[in-house]
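Colleague: Quick one: the structure is below, questions incoming.
The values are calculated or read from the model by the stated rules, or taken from the named source; none is laboratory data. Values in this document were obtained by computation on a predicted structure and should not be read as measured data. Cβ atoms come from the backbone with ideal geometry, glycine included; neighbour counts cover every protein chain shown.
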Amino acid sequence: MKNALVVDDIAYTRLLYGKALKKLGFAIVEAENGAAAVRAALSQAPDLILLDLNLPDISGLEVLQTLRQQKLTVPVMVITANEDRDLVMKLVTLGISDYLIKPVDIFELQKRVARVTGLVGAEGATPAAAAAEPTPARPAPAGAAGEDDDDDD
Amino acid sequence: MRHLRDQLILAMLLVALAPIVFFSLYTYGLLDELLTRRGEERLTTLADEAQRCYLRGCRAGDTRAAVAQAARALPALQVQAVTTEMIDIAVAVLRLDKVRTVVPREVWDGVAPAGAAVTLPVALPAAVADGPAYEAFRMMLWRAPDGTLLALRRSEREEQQWRRRVLYEALAWSGVLVAGALVLALLLARRFTRPILFLQRWAEAVERGERTTPLRVARRDELGALAATLQRMNARLDGQIADLGELRAYNERLIESMFSGLVTLEADGRVRAVNRRAQELLQLPAPAAAHGRPYRELLAGCPAIAAVMAATLDEGREVQRAEVGELVAGRDVVFGISSNRLRDSMGAVCGAAFFFQDLTDIKRREGKLRQQEQLAALGEMAAAVAHEVRNPLNPIRGFAQLLQQEDDWTEVREYARIIITQVDALRRLVDNLLLYARPGDVAWSDLDVATLIAESLELHQGQVREKRLQVVCAVPPTLPWRGGLAQVRLIADNLIRNAITVLPPGGTLTVTAQREEPWLTLRVADNGPGIAAEHVPQLFTAFFTTRAQGTGLGLAIVRKMAQDMKGEVSVTSTVGQGTEFTVRLPLTLPV
């Protein structure tokens, strides 16, 4: 069973994403702020992260930067209420798999999640997906000792 | 004679000396003495003549006839034969006609030898009607070779005539002396009045501003020194005039080259100076034509500028960078105008100066810039609002979509409840946005702040119970105040809700309200997590929030409400210890 980390400060939003992803067969880990998100991403080794940018403590961008510095290549889908072109460019350089604006079409979200997680195993075509390519190989050890594993690479 | 002073003194002395000498001589008998001496000389001369006459007569043989001949020949002289007798060895008595007089022995001895003559002063009684009156005269005694003693004395009349003549002569000499002194004094006076006159005429020429030839007075006295001083003074004056001219030209160039227009007025409102820029800006006549005309007449077309001038000149109100609009030559012009009253050296107001700038282009650019800034601020605000709207829209849309597929009625009800809460959140956002954005009108009324706080706490009773919070309310039973009811309620609600939201279960909420002259102070404190120092400056900014719930408008609204009532809000916070918000509202109604 695949793990999905849902990061958003609004409880109902986390609940919504959780409901949608459970239907796709994901197990859900929730984080309501950036620090919790980083902690969960490193300890739970999720297969997918749904990331909000506007968080109470550190921004979603900082969360992503921290994860990438930790060589965590998990696919990240950004879902935000902000439309900021400069921010999108920065996110792209950090390798995000998708970028959605709230309010999201929940069925569209399900489709994209399926594509992002499915594409990774099947084709590895897009650069964003390519960056996330090693992910499927990692879930098993990540669950046990995710942080140490990254350092061994 | 180097000093004018000496010359003057000498002249005065010369004028005064003659009469002084004359009157001194006369007064102290010196003239008498002079007359006596000269009388003796004359007597001697006359006596010589008489002696020669007598001797000629004697050669004829008769002594008596000889005496008569001599007396006849010399009417000015009385010639008498004198008889003498010795009284003792010291004195002889001399008998002259019927008069006897005592002669000292040495005089007698003097006339004893034949041919000797002695002159002696005698006082003989004169023959007057009412008895003897002594007349003093000098008499010569002469012993003729034949032994006859002759007394020779000048006749009384001749003596008087001669005395008068001598006196007139002395007076005439005195007159000549005085006249001479006068002439000399005049000449001397002329000697120094002439250069003074010359200096005067020269100074008058300088005064008239005529170009003068250098002053040449070749004298070594005070006048020469004065002339030299005047010459130096004139040279310095010429230098200063040249400096002044240069300064004036510099000022004129400065004023002409100024970017600002300049108009100066006299105290009575007449134009004193206008520079070229002012002439262009205000479409005034040439400076020469504008000079001396009243500004009201010149600036009839620019009433706003004339009003500024009137305010400065008549009411003493100086303006700094005031902006006035005028229609000049069919063009709307925005003028920047500054005014200063001008004071003379005694500090009295003697006019005013006005500086003009054409701000039309600057204003236009400023307007454009302000518009852009407003648009940018609007964009920022719109982005923030969009963000706040999208967040609740997200679960609304999502759960509505899930509803379409959901068969489990428990889930359906849950989804519907969520959608309703999010719609409510949206409505609250819109309400707050309107509250925040509406104009700050305050409906002032008498209210009791204590009651309002109690109501607000009551409103949040549910959450307080839920979180098991401890509430400390230090508010007097009544706290009357005049203010805006809606505003105070919003302030209390927002601060209390904020505190309750951030407090962990079991925390303490403290609400204090009291009069602290000149403020009514409301404090809401919590012992929650506190606020990081870097967030404090943005705390009251709209849409700034570190929390998931809330619109980010609560504290912005608190600040706006406090400001609408001329109050202020401040915050002190320590991470880990808690936060205290303080609202200060004026006790007395601001005007």
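Yes/no matrix, rows are residues, columns are (1) over 60 Å from the mean Cα position of the chain (by Cα); (2) modelled with pLDDT of 90 or more:
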| site | (1), (2) |
| --- | --- |
| B:Asp361 | no, no |
| B:Glu366 | no, no |
| B:Leu378 | no, no |
| B:Ala386 | yes, no |
| B:Pro395 | yes, yes |
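Colleague: Of all residues in the range A:15-24 being surrounded by fewer than 17 Cβ atoms within 10 Å (Cβ to Cβ) and either part of a helix (DSSP H, G or I) or in contact with an Asp or Glu (Cβ under 9 Å, 6 or more places away or on another chain) (or both), which is modelled with the lowest pLDDT? Explain how you work it out, then say what you get.
Modeller: Taking the range A:15-24 as the starting set, the residues that turn out to be surrounded by fewer than 17 Cβ atoms within 10 Å (Cβ to Cβ) are A:22-24.
Now restrict to residues that are either part of a helix (DSSP H, G or I) or in contact with an Asp or Glu (Cβ under 9 Å, 6 or more places away or on another chain) (or both): A:22-23.
Working: A:Lys22: 92, A:Lys23: 89.
Only one residue fits best here, namely A:Lys23.
Colleague: Tell me which of these B:Leu393 doesn't satisfy, since it passes every other one: (1) more than 8 Å from chain A (Cβ to nearest Cβ); (2) out of contact with any Asp or Glu (no Cβ under 7 Å at 6 or more places or on another chain).
Modeller: Only one criterion in (1) more than 8 Å from chain A (Cβ to nearest Cβ); (2) out of contact with any Asp or Glu (no Cβ under 7 Å at 6 or more places or on another chain) is unmet by B:Leu393, namely (1).
Colleague: Take the residues in the range A:67-86 that are among the aliphatic types (A, V, I, L, M) and in a loop (DSSP other than H, G, I, E, B); name whichever of them is farthest from B:Ile531 (Cα to Cα). Walk me through how you get there before you give the answer.
Modeller: The initial filter retains those residues of the range A:67-86 that are among the aliphatic types (A, V, I, L, M), namely A:67, A:72, A:74, A:76-79, A:81.
With the extra rule that they be in a loop (DSSP other than H, G, I, E, B), the set shrinks to A:72, A:74, A:81.
Numbers: A:Leu72: 32, A:Val74: 33, A:Ala81: 25 Å.
Checked the range A:67-86; the qualifying residue farthest from B:Ile531 (Cα to Cα) is A:Val74.
Colleague: Right, next: Taking B:Ser345, is it hydroxyl-bearing (Ser, Thr, Tyr), more than 14 Å from chain A (Cβ to nearest Cβ) and buried (at least 17 other Cβ atoms within 10 Å of the Cβ)?
Modeller: no
Colleague: Kindly provide the set of residues from the range B:396-418 that are facing chain A (nearest Cβ under 10 Å) and loosely packed, with under 11 Cβ neighbours inside 10 Å, ordered by number.
Modeller: Within the range B:396-418, B:Gln404, B:Gln405 meet the criteria.
Colleague: If you take the residues of the range B:517-539 that are in contact (Cβ under 8 Å) with a residue 60 or more places away in the chain and within 57 Å of the chain's Cα centre (by Cα), which of them is nearest to B:Gly483 (Cα to Cα)?
Modeller: It comes out as B:Leu520.
Colleague: Search the range A:30-46 for residues being closer than 28 Å to B:Leu403 by Cβ and either in contact with a strand residue (DSSP E or B) (Cβ under 6 Å, 6 or more places away or on another chain) or assigned to a helix (DSSP H, G or I) (or both), and hand back the single one that is farthest from the other protein chains (Cβ to nearest Cβ).
Modeller: It comes out as A:Pro46.
Colleague: What number of residues within the range B:265-304 are touching a helix residue (DSSP H, G or I) at 6+ places or on another chain (Cβ under 7 Å) and at positive phi?
Modeller: So the answer is 1.
Colleague: For residues in the range B:152-178 being closer than 23 Å to B:Ala71 by Cα and acidic (Asp, Glu), which is surrounded by the fewest Cβ atoms within 10 Å (Cβ to Cβ)?
Modeller: B:Glu156
Colleague: Turning to a different aspect of this structure: Scan B:Ala425, B:Ala443, B:Ala437 and give me the residue that is within 14 Å of chain A (Cβ to nearest Cβ) and under 22 Å from B:Ile557 (Cα atoms). First the steps, then the outcome.
Modeller: Values: B:Ala443 fails: within 14 Å of chain A (Cβ to nearest Cβ); B:Ala437 fails: within 14 Å of chain A (Cβ to nearest Cβ).
Going through B:Ala425, B:Ala443, B:Ala437 in turn, the sole match is B:Ala425.
Colleague: Which of the following residues is within 12 Å of chain B (Cβ to nearest Cβ), aliphatic (A, V, I, L, M) and surrounded by fewer than 16 Cβ atoms within 10 Å (Cβ to Cβ): A:Ala11, A:Ala27? I'd like the intermediate steps shown before the answer.
Modeller: Numbers: A:Ala27 fails: within 12 Å of chain B (Cβ to nearest Cβ).
Selected residue: A:Ala11, the only one of A:Ala11, A:Ala27 that is within 12 Å of chain B (Cβ to nearest Cβ), aliphatic (A, V, I, L, M) and surrounded by fewer than 16 Cβ atoms within 10 Å (Cβ to Cβ).
Residue-by-condition table, conditions (1) closer than 22 Å to B:Pro392 by Cα; (2) buried (at least 22 other Cβ atoms within 10 Å of the Cβ); (3) away from every other protein chain (no Cβ under 12 Å):
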residue: A:Gln70; (1), (2), (3): no, no, yes
residue: A:Pro75; (1), (2), (3): no, yes, yes
residue: A:Val92; (1), (2), (3): no, no, yes
residue: A:Gly95; (1), (2), (3): no, no, yes
residue: A:Ile101; (1), (2), (3): yes, no, no
residue: A:Ile106; (1), (2), (3): yes, yes, no
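Colleague: If you take just the helices (runs of 4 or more DSSP H) that sit entirely in the range B:221-333, which of them hold at least 2 residues that are under 27 Å from the mean Cα position of the chain (by Cα) and at pLDDT 85 or above? Full working, then the answer.
Modeller: On the way: elements: B:222-257, B:276-282, B:287-290, B:295-298, B:303-315.
So the answer is B:222-257, B:303-315.
Colleague: Mind checking which residues of the range B:342-357 are of a type in the set (S, T, N, Q) and more than 10 Å from the chain's Cα centre (by Cα)?
Modeller: Going residue by residue through the range B:342-357, those that are of a type in the set (S, T, N, Q) are B:345, B:357.
Selection gives B:Gln357 alone.
Colleague: What is the residue count in the range B:217-236 for residues that are in contact (Cβ under 8 Å) with a residue 24 or more places away in the chain and surrounded by 12 or more Cβ atoms within 10 Å (Cβ to Cβ)?
Modeller: The initial filter retains those residues of the range B:217-236 that are in contact (Cβ under 8 Å) with a residue 24 or more places away in the chain, namely B:219-223, B:226-227, B:230, B:234.
Narrowing further to those that are surrounded by 12 or more Cβ atoms within 10 Å (Cβ to Cβ): B:219, B:221-223, B:226-227, B:230, B:234.
Qualifying residue count for the region: 8.
Colleague: I've got another one for you. Answer with yes or no whether A:Thr117 is of a type in the set (Ser, Thr, Tyr), within 13 Å of chain B (Cβ to nearest Cβ) and at negative phi. I'd like the intermediate steps shown before the answer.
Modeller: Details: of a type in the set (Ser, Thr, Tyr): yes; within 13 Å of chain B (Cβ to nearest Cβ): no; at negative phi: yes.
Taking the combined requirement at face value, the residue does not satisfy it.
Quick grid of which residues meet (1) of a type in the set (A, V, I, L, M, F, W, C); (2) closer than 30 Å to B:Asp314 by Cβ:
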position: B:Val334; (1), (2): yes, yes
position: B:Arg343; (1), (2): no, yes
position: B:Gly351; (1), (2): no, yes
position: B:Thr410; (1), (2): no, no
position: B:Ala425; (1), (2): yes, no
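Colleague: A:Leu64 is checked against (1) among the aliphatic types (A, V, I, L, M); (2) more than 21 Å from B:His535 (Cβ to Cβ); (3) within 14 Å of another protein chain (Cβ to nearest Cβ) and fails just one. What number does that condition carry?
Modeller: Failing condition for A:Leu64: (3).
Here is a yes/no grid of residues against (1) part of a helix (DSSP H, G or I); (2) in contact (Cβ under 8 Å) with a residue 24 or more places away in the chain:
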position: B:Met346; (1), (2): no, no
position: B:Arg365; (1), (2): yes, no
position: B:Gln372; (1), (2): yes, no
position: B:Glu388; (1), (2): yes, yes
position: B:Asn391; (1), (2): yes, no
position: B:Ile396; (1), (2): yes, yes
position: B:Leu402; (1), (2): yes, no
position: B:Thr410; (1), (2): yes, no
position: B:Arg417; (1), (2): yes, no
